[in-house]
Each structure stands twice: as structure tokens, then as C-alpha cells.
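Written below as C-alpha cells is the structure these notes are about.
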Amino acid sequence: MESISRISSLLETARDLTLEAARDASNVRRAPSKELPSGQLKKLLDSRTERDVLEGLRRVVTMSYRQPPSQTLPFFSHVIKNVASPSLQVKKLVYIYLLQHAEHEPDTALLSINTIQKSLTDTNPQLRALALRVMSSIRVPVISQIVSLGIKRGSGDMSPYVRRAAALAIPKCYRLDPNTEPQLLEYLSTLLGDKQYFVTGAAVASFLELCPDRLDLIHPHYRSLIRKLSDMDEWGQLATLRLMMVYGRKCFPRRTRKVKRAAGTANTNSKPAKSTRGFYESESESEEEEMEQDMEEITVLDPDLELLLKNCQSLLQSRNAAVVIAVARTYLYLGTPEYLTQAIGPLVSLLRSAGDIQHIALYNIVQVCLTHPEPFVKYYTHFLVRSTDAPHIWRLKLELLTLIFPHAQLRLQSLILAELSHFSHSGSLDPALVKESVRAIGRCSQSPATSPHTSARCLKLLLKHIGSADTHLVAESLEVIRHLIQRDPNAHRTTVVRLAKHLDAATSPQARASIIWLVGEFAGIDPENNIAADVLRILVQGFADEAEPAKLQIVLLAAKVYVHHLTANPPPEPPKVEEPKPSPSPLDNFQEEQGGFRDEHLESSPQITEPQQQEKPHIIEALYNYVLLLVRYDTSYDLRDRARVYKALLATTTSTQLASLLLLAPKPVPHIPSPSETRRGYVLGSASLVIGDEGGVGGLRGYEDLPRWVKEGEEPDPALRDESASTSSSTYVSKYESARNMSAADRLDAAAGGSSRMTPDSMLSPRSLNDMGGNVGMGGGGGHASKEKQKEKTLDDWLAEEEKDSQSEEETDSEEGETEEESEYETDSEDEDEGEGDKLIK
Amino acid sequence: MSAIEALYLFDEHNTPLLEHTYIGRPPASSTLLPLYLAHPNPRPSLIYLPNTNPPTLLYSIVQDQLLFLCPCSSDTEPLQVLEFLHRVADVLEDFLGPPLLASKIEGNYDVVAQLLNEMVDGGIIANTEPNALRDVVEAPNFMKSLLGGVGLPSSTPSSLTPSVTTFSMAGRPSPRLGPTSATQTSSPVPWRRANVRHTSNEMYVDIVETLEVTLSPSGRPLSAIANGTIAFTAKVSGIPDLILQLGCAGGIHNAISLPVFHPCVRLNRWKERPGELSFVPPDGRFVLAGYEVDLLGSAALDSFSASSTAKSQLKLNVPATVSVHTSLGSTGSDFEVRLQLNPHFTGKSSSQSNTAAIGKGGLGRGTGFASASTGTTGSPAIEEMIVNIPLPASVKNVADLRVVRGTGDTGYAPGDRSIEWRISSREISTIMAQDRGGGIGATATLRGTVIGQDDDSSDALDAGGPVILTYDYDDDQAAQPSLLPSMPKQHSTDAGAKRVKANKVLMPSCATVSFSVKGWLPSGIRVESLNVDQKRSKGLGSGVTPYKGVKYLCVSRRGVECRC
């Protein structure tokens, strides 16, 4: 939601003028506003009339904002004197001063504590709250016990305002003196059960500050917290949702249940598969297979967890973007895909807020989209790049477009492609945008879900760019084309030929060099019909006019062609027999398609005609020698050096093998993942997600990874959350005690869970990457030891076993589906653990 | 873990205004500001500074030319901090009066200090609701300072009970009877302060819709979204319970999508009866709801591929669209921008009444009184029309820039990255008047010629390669390799085409239109009624009917974009 000040600026046309005027005025205004000499100021502060004191305080506070503390410190005692003033207004300003300066003069500050303490019993609740807040904020460790007492009194106060101040004071008191923790926990537990929603919100925030691991304190209040969730203020909601994410993971084991797939969703092709399988598989296995086909794994939500998910729903309409993200996070990590789908729209709606929020929201949207792209498809209009978008915005928008591309219907796909090609060729406004959109086209065509037809279209788009006058575009397009070709060389034989044709169109040396390199790379494929030698012949004619990068590649091409020639035709014996015979059918197609090209050259260059095939060795050798000769007299050192290397390499027949190793080494297949894949492991809504690995592997300081799901059987007793037990006890303290007693056994569990919590949640989380290796080893050992307890395997065991023997997976057919799912995303992998536990019970 | 460690405020010249530390020892503003400014504009809202001690996440927003910075030493939820910064700006504006100016902050440090202390407690965001803050912090009273403390009743909302009001007017607030007297209980509604009194009860609804339209080169709309915000101003005594009924031609639930609401809105009510907003408003000005409207409807994608472009184009009811035609002229260095004005916006009104409406609109707040239909709603007038044509960086100058048809001022200086074409509302009405009979709306045209760096260099670039582009290759065509021997012959004939190709890089790729229209909303949403639920309201005297006002505004801030 837009903030009111931004809307006001739209509504009030005069506003801009005022701002302009103010800016002009501020040049003049810079002169320091009238400041009184310190003597006069002290007199004001010492004055008996309240009005003067107030005036003096105002000036001191103003000074404290504009000048270093050394300027305002001399007034310390004069100001502190007024702390006993009956006026609330004066008190407030004194407090403000006190908070800013107490650290510099702790001893004098202590003098005021007594008066502040008295205010704790004032009749005015706001004064009580204020006193409590100030007292806890004074950073003088000596007073920790007094503060603790104050909090105790405050947490039992009539006014919710005071109780909230008490809640917020708890972490401050802990920071003063960690020894007060036991008392503070007691107060906190009281406050967590408060009836006023805005007290509980603050209490939860304090809880997260003080002791986020003491989930046992939460159990008795869980349901009441959830119920208050929608009434809390936004900041309380944020704190609660953050707490609940951890709580949910640690207290509700992931349970899955197999349900018969609805008739409509059962895919038709599963039925024939079933029937055929029966023939060659044992009966029991086919039975299980059948089960597997008809069954669908459904997450069974704990009723308490469901309560949380349901209560979150209303928060999706929150005006606070952070709350919307927090709900989406809850649904992503705790809920089911159905819940997450509800959050998609609200997530997208964040894009209409201010640019700064839009930027962060986009990171989060991309993060969700990486795992669940389908529901985003219908919001594609929001992801179209606008000319006014800042670079960090369009970068993410382009990524979103490529992410939804494979899941879009055909029309949308063509729209997205049109969009991307628009920015790639006419988006000359920003070279980076051109680059990024060309890359995006590449990603679109690479995506596994893209049909070959669409891939071909993408490639066609890219090929069109080669003739462009925009060098950025050409270079980037070729880069992407190269990636595409390298990923699947066999499918792109014709593409290389096409590229070679485009040599005429390509003017930029880099582009030409790229193409020539590609031609050289594919010189070995399909020797019967290779164009490399032909291309070389044509290029050699214009060699002198080429730029250096292109020349380098021409020489390299010549060397490669020659090596191929040498290996194909070892000098002593006739070569023809050893040549691999390409399968006829693709070859025919290929020839048909490219016939025109070949024919042209056959006409133009009569020396390379079929009858002369026998003398081809001579031509290639001649070409090669000609190139070397040309290069020998080139002006470039580099070029001449290289030529010498090739010459030496290829001079003797014995080194041919070495030369082919050098020149024809297989190149690694480049992989261009979506740029945000590197951030995939970070928790939604965290700053680490926005910063990425720049903040260090494992996230920024204070980054907390998602806790792993608690194992079935290790979760705390659900009865702990029953309110009947706690409400029966009348006072807060005894309520806390009861919670305490009940959770004794549970705390053991928590301790056990605490140790297991250290193991990585999933492979994906960056933090866990560090200790990944060790755990896999451990898990593997455990898996070995308890072979019979296979059903209780953890994710780590799975990983380890997958490496060791894939046999065990086939033994139990029911597990097959699960391993497939494992790779999908982390929550799924957790499903399995629980699913297995479930089966064990079954 | 604490979210907010400090808050730094800078004015429009980046001179520090305020430095408030909440917790810990964050880097000082003097170290952070240069690091922030080191980032090229536009700066991201979250910057990671690994070289400060401790490594800092720096959040920033710019509001009304003031820069708000907030350093964080550990991972927090970024949106939480950014939302907080926006709230700080809102609260300061609420207390100091809009717009937020550096001088106002400098003049009221005591109030600002109180506010900042109330909003965050020990690094935890505690209270950002302006109304709740008014319960604890007294707003500076400008009337009071103006009148030198003479006991005159003030129109500024004040949280005081009447008896206290007279007191507070007498100079400084008196002791023991500050804004939070002992007897006062905090308000039962968290977002509304207690004991609201107004002598004149008024309620205003302002609906602002921001257009975001993208047109494909053929003029077909790719996306058209109107982002709506309902701003509400409540100056009503007691605790009023209001019902705002929104209506729309095609049914409100079809129009509005993805709404967000102020916490005061009863969500269930909206779900049961879409279009009905039932709420107890905070006192003062606030954003009641936000929504968006897809002006193309759900069938947009189907029409995209359908060949009948004209139909879909007509459906989009936008005051003005623009189209850019590039690569014109013999060398392909000319371009033409055609502005198409929608006839709907002249319609019945003559140019004379049109200008009258503008004058009325200029009054701002005073226009839309007494419910929906007023003079401006009938004949919406386009104001502040600016066509913006961004140019590639390689364009060095634009020669011969002239408005061929219609009027308007063009702004361009050699080296600028964009051309600005301003058309005042008066000029619009004259353009409209020319084309009244046709009913297809009026057009205005701007022509220009782009000039790249220097032509020699581009020639040299072309001459560099041994093979000069001669054919426009299409991969579906049969291969047509240009053979070297035949090239020189073709060279001369293709020189023109080559130039066109070279100039293509210099062509603008889009144009955007900015404008504002008062009294008209692209979505067609309107306020059907705004009523006080007398039964549920408290404190508002019976028989008192507050004064109501409705205002509609459609704004496009470079929101209508056409590509080419």
C-alpha cells in the first residue's frame, strides 16, 4: 500500500512547489538558528517557572541533535535536576536527554534513578510506562536489579500500556545484566499470556530477542497467540509470524497420507502403463505400483498448524508489505501449495508500492517463483519491463518472465519472446538491458519445459541479432547461441551452418571471432559434410582485412581443420575405411536443408567438387600452409607466435595426437542458471536473500536458516498446547509454573531436537553447505548400521545411500516416487521423512 | 536481532538533519553517507557495506527530498525496516504538517525526539500509529505559535478534551494537564486516539488511480493496470463507524483485484459484500485501501494474438496514447511521435468549459464536495500533459525538433537523454477543438532528426569489416550468401539502407505520456455513498451529519508507455 505522504504528493499539486521553495530557502537557512550562550541556557534550566525550563530543555534537545554530545554534556546536572518536575512535558524532555547522555556520565545519571523509580507508581499509566522504558534504557549495569523489579511490577500492571513497556524492557534488562535471565523468563512467560493483543505482540518480540530457543514457553500460549494474530499491530504480527515459522518446524512433524487420486486428475496414460507392467514385474510389485499411481501424497496438517495457516489468511490483505511476505513465508515453509497459491496475488500486489519496497518484494517473488512458477503466470502483466524501471528492478522482472515462460501458454510465450526481443534490439537505451534480455531469451530456450519448436524460435530471434549494428547485442547474442549449441551439439549442426552464413552479416570483430570459433569447434562433427574447410577457404580470401581477434580465430580454425584432416587421413594409409558412417536419415535432412548453401559454393569454387574429394587433403593442407604464410608476415606478435606454435605442433606426424588433444579438447558445457538460483537457499524475507552471497556464504550476520522439520515422535506433546490446563490456574505465575512442569519431559526432547537441529536442513541451504560433508558421512554410517530400520531413514541417509547403491531403492517400490520428489524442493524432502515414519506406523 | 539500530535523516543537500541511535553502536552517519552516495543513482533501497565496522546493511528511502537511512548490523526482514522508514516519514508529516520539510524538523526537534523515542523501544518497533502517538506526544501547534499564545480556538486537531484545550492554548501546556491526563484512558481502538473533538465534522474520500499502460509497437495494449489508492480524511468527533460504498459499472468485484486495507477495515464485511467498506477511521488523514484494476480484463492475452487490433484498442479508455514512428526520411534518421487524444475527454464540453473545469480543479480540495458527480466528473480535463521520449546514449543531438501538428513546448538540450514535450491544458483544448467533428479524437505530432556521435566514425566502423552487409537475411529464406566479387557493384545502391540500419541504433525505443485527469477514474469506480452508522457510532451527537467530499484523480507519471 502506498504511504499517505506519497499519495498526498499526488493529490497536492502545490506540494512540489513548496518543496522547491524549501530547497531554495534551505540554502539560506543553513545559518545556525539562534543559540543561546550556555550561561543563559543554564539559567533557563534552573528557572523556577516551568515555561522557562521547557524552553531551556527544548533548546538543549535541539542542540543534542545538531552537535556532538560534548556540547550538551555540561548541562547534565542542570537538566537532571528537572527530572522531579511534576510536568509530564518537562519529564519527557529530561528523559530524552538522559537517554542520550547517561552513558557519558553514569554516576550522575544514577542520581535520577530514584525519582524515576518513584514514577513507576504514579497514577498516570503513561507516566509509569515512560518511567519503565527510560529506566530500562539507561545503560548503567548497576541498576539491573531495580530494572528487573520494575519489570515485575510493570508486568502485573493494570494498564496494558505499562505491560507492553514491561515486555519491551525485558531484552534491555537482559543486555544490562545477563544474570537476570531466570527472573526475566518468568515475567516474559506471564506477558506472553496477556489478554491484550498489543502486549503479546511486544512480548513475542522480546521473546525472540531474549530466548528464541525456549519454545517450551510458547506451548501454553500458542493457541491464544494465533487467535490474537489478526488483531495485533503489524510489528507484533511480524514477530509472531517469525516465531511461528520456527515453532511450526520444530513442533509439528510433517505427516503425509496417501489418498486416492481424484478421478479427474488421474492421467490417462498411467493406465496402459499399469497393465503392461504386470507382465514383467512380480505381482506384488505391480500391486504397489498401482497403489503408487492411484495414490497421491497429501500433507496432513496438524490441527494446530492449520489454525495458524487459517489465521494468517486475513493478514494477506495487510497494508504492510513485510507482513504479506511473512505470511507467504509461513505458507511456503509450513503450509501446503494450496495455501501458498493464496499468497501469490498479495505478493504480486506489493509491486505497486514504492520503488524501494518493490525492489525487495521482487527478490522475494523471484524466490517463490523459482519453486512454484505456475501460479505466477496469470500475473504476467505485472512483470513486463517498463522504460521507467531502474536496472535493479528490470533485472528481476526479466528473470520472472523467463521463470514463468515454460509454464505459460503458447500465446503468452510468444508475448514474452516479443517482449524480450523488443528490449534486445531496440532497447539501446541501456546496454545492460540489451545484454540481460538476450540472456533471458537464452534461458527461455534452454528451459527443459520448452518445446523444441519454441527453442527454435528463440534461436531464430538470436540469429537475427547478428547483423545488428549494436555491438553489445551481437556479442551477447553469439555468447548465448554458443551456449545453446554447446549444450546440444548434435541438434545444432544446422545452426552452425547458419551462423557461418551470418559471417557475411556480422561486422564486429568479436562476433566474427565467436562464429569462427564455433565453426572450428564443430569441424569434427560429421566429416562428410563439414563446412569448416569451406568457411576457412572463404575467410582466407579476406584475411588481410580482418581484425586481430578474428584473425586469431581464423588461424585456430585452420589448425583445427588441419588436425581433423590429419586424423582422418593419416598420411601413410588411406583414410576412408575408418571414418564413422553417420546415420543416413538426419544426414539427408541436413543436406536438403543446407543444400543451397553448399551448392552456391560448389558453383563458386569449382575446386571443391565431389570428384575432387580425393584430392581434398591437398587443398586443406594448402589452405593451412597459406594461412601460416599469411600470418608469418602479420604485424601482430601474438598472431605470429601462435602460428609458430601450431606449425611446430603439426609439423611432425608423431605429434598429431598431442595436437588434437590440445586443439580439440572437449569444452565443458556451459550452464546458465537463472541469476537468482544462487540465492535459492536463503529464507524468504531475509536480508541475505536480497544481498545474496555477497554477504558471505551462509548469509549475513544474524541470518537464521530454516529449522528442519522435527522428526515424527520427537515433537513435543500436543497436549502442552491445550489451554484447559493453563486456564484452570488462576494467576499468571502459577500458569507459568504449570507450563513449566508439563514441559519438563518435553525439554529433554527439545534438547535432543536441539542437537539434531544442527544438521543441515537440506542441501540447498547455503549455511548447511559448510558442514554438509561431515553429516553425509555420518548419515551414511548410521544407515549402514541399522539396515533393518531402513524406514526411519533421514534425508542424509538417503543422500548417502543414493550414492552407495541404488538397489535398495528399487526393492521398495513405494519409495521410488519419493526419491524423485526429493530433488524438487526442500519441504518435499521433509515430507518423505515423515511419510516414512507414517508408513512405519501403518 | 533488533530491527532498528539507528535512524539518520538528511536534507535535500545531504546535510545531516538528525541522528538518533536506538541500540548498539552503529556506524556514524558521517561514515555511512559517503558510502551511500558512492552507489550510482538510482540507488537500491538495501545496500550491504562489508567494510564498515560492524558490516552494515544500509536501508534507505527518499521521501519529499529527505533521505532516511537506517543501518542494521544483522540480518533483519528488509521490508520491515523499509516499512518502518515510510511510517516514520508519515508520522513526521502527520505531526509537522505536510509536506515534510527540513526546516520543520529543525524547528521541532523536541517533538521529533519524543516521536522517535515512542516509535522504537530498544530497537524493537513499538508504535507507529499516528493516532496512538498523538495520545502520548503533543503535536506542535502552529496556530499557537502564530497567534503568540493567545487563547483562540484552534482548528488543528488536538487530543485534548475541551476543558484542557483552553489550557493548552495559553502558551505552554500546563503541568499535570498535559495531553495525557491521569483520568484519560487509552482509546479502545488502537488506531484511533481517544476523545476526538471537532467543531466541524468533515469526511473526505480521495481516490487516486495511477495508470500503468504498455502499448506494443502496433498500438495494441500489452498491459493496462490502474493502481488505485483510497485516501480518507476523517475529522469526526467521537468514535464514528462509517460505511463507504464503492460502485462500478461492471460490478465492483470484477473490477477491483488484490485489495489491501488499513487495519481498521472490517475484512469480513468486504468479503460478504464486495464494495462495502465498514470501518472506524483513525482521526485525520490515512490510506484506507489500495487495489488494482486490470483495464484489459482477463481476455487480454487472447486479444493479443487475435488479429483484430482495432477492437482491443478501442476498449482501452485512456485519455491519451502515443505512438512513435522511427527510421523515417531518406537516411532513416527522422522519427515522429504522434500523440492521440481520446475524444471522450472533450466530448460534450467545449474548450471554454474545459478550461473552466481546469480552473475549478486547481482549487484542489475544494472541488468534489457533496458526493460524486460534480462539474469535473462530467467533462474530465487533461492536465499537465508531458510526452517523454528517452533517447539512446549514443544520440548527441536532435536537429529540427518541431511540433508538426498541434502545439506544445519541446524541451531538449544537446546531450540530454530524453526529449520532453509539454502541452498545457489550454493547448490541449485548442487541439481538441480542431477535431471535434470527427469524434475519433485529436492528434498532435512531433518530428525530429537524431544525430549520432559523428558520422565519420560510423562510416569507419562499417568499412572495417571485409564483408559489408548487403542483404537482409532471413533464416526462412533461401541462403543468399553475398559473394565477394559482386560486392563492389552493390555497395553504392545499398549505402542508403546501410545508413538506415546504422541510424536505427539511434532511434528512440519508446515514448511515455504523463498527465493527470481530475474527476475521472480509468476503472470507472465511484463512491456510491458514505454514511455514518449511527447505531454503532459513539460520541457523535445525534443529528450531526458530517460534511462529505469526494475527489477522483487519475495520474499517469510516465505511465502510458508506447514502444516502437
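Here are some notes:
- Our coupling estimate for the range B:122-134, obtained by passing each phi through the Karplus curve with A = 6.51, B = -1.76, C = 1.60 and θ = phi - 60°, is x, x, 9, 5, 9, 7, 10, 7, x, 5, 5, 5, 5 Hz, Gly and Pro reported as x.
- Among the trypsin sites (Lys or Arg not before Pro) found in the range A:180-223, those both in a DSSP coil and sparsely packed, with 11 or fewer other Cβ atoms within 10 Å of their Cβ, are A:Lys195.
- All Cα pairs of the range B:6-128, percent lying beyond 21 Å: 33 percent
- Cα-Cα over 27 Å, subset of A:Lys152/A:Lys228; A:Lys92/A:Lys152; A:Lys397/A:Lys667; A:Lys551/B:Lys396; A:Lys501/B:Lys396; A:Lys560/B:Lys498: A:Lys397/A:Lys667; A:Lys551/B:Lys396; A:Lys501/B:Lys396; A:Lys560/B:Lys498
- Label zone at B:Ser257, where the point sits 7 Å out along the Cα-to-Cβ direction: the range A:330-356 residues whose backbone N lies under 18 Å: A:341-353
- Among the listed pairs B:Lys235/B:Lys551; A:Lys91/B:Lys235; A:Lys378/A:Lys460, a Cα-Cα separation exceeding 20 Å is found for A:Lys91/B:Lys235; A:Lys378/A:Lys460.
- Number of partner chain Cβ atoms within 10 Å, mean per residue of B:384-394: 2
- Counted charge near B:Thr52, where neighbours are those whose Cβ lies closer than 15 Å (Asp, Glu -1; Lys, Arg +1): 0
- For GluC sites (Glu not before Pro), no site in the range B:1-37 is both called loop by DSSP and has at most 12 other Cβ atoms within 10 Å.
- Neighbour-count order for A:Thr121, A:Thr507, fewest beta carbons within 10 angstrom listed first: A:Thr121, A:Thr507
- Taking every residue in A:231-237 and counting other chain Cβ atoms within 10 Å of its Cβ, the average works out to 5.
- With each label modelled as a point 7 angstrom along the Cα→C-beta vector, the A:Gln313-A:Thr49 pair spans 6.4 nm.
- Charge tally in the Cβ shell below 15 Å around B:Val337, where Lys, Arg are +1 and Asp, Glu are -1, B:Val337 excluded: +1
- Inter-label distance for B:Val189 and A:Thr471, nm, one decimal - labels placed 7 Å from Cα along Cα-to-Cβ: 6.6 nm
- Shape of the range A:37-249, Cα gyration tensor, a/c cut at 1.5: prolate
- By average C-beta atoms within 10 angstrom, highest first, the peptides B:537-546, B:245-254, A:699-708: A:699-708, B:245-254, B:537-546
- Counting charges near A:Lys667 (Lys, Arg +1; Asp, Glu -1) among other residues having Cβ under 13 Å from its Cβ returns a value of +2.
- Across peptide B:106-114, the mean count of Cβ atoms from other chains lying within 10 Å of each residue's own Cβ comes to 6.
Bear in mind that the values in this text are calculations on the coordinates, not laboratory data. Every value quoted in this text rests on a predicted model; they were computed, and no experiment measured them. Counting neighbours? That spans all protein chains shown, and the Cβs are built from the backbone with ideal geometry, glycine included.
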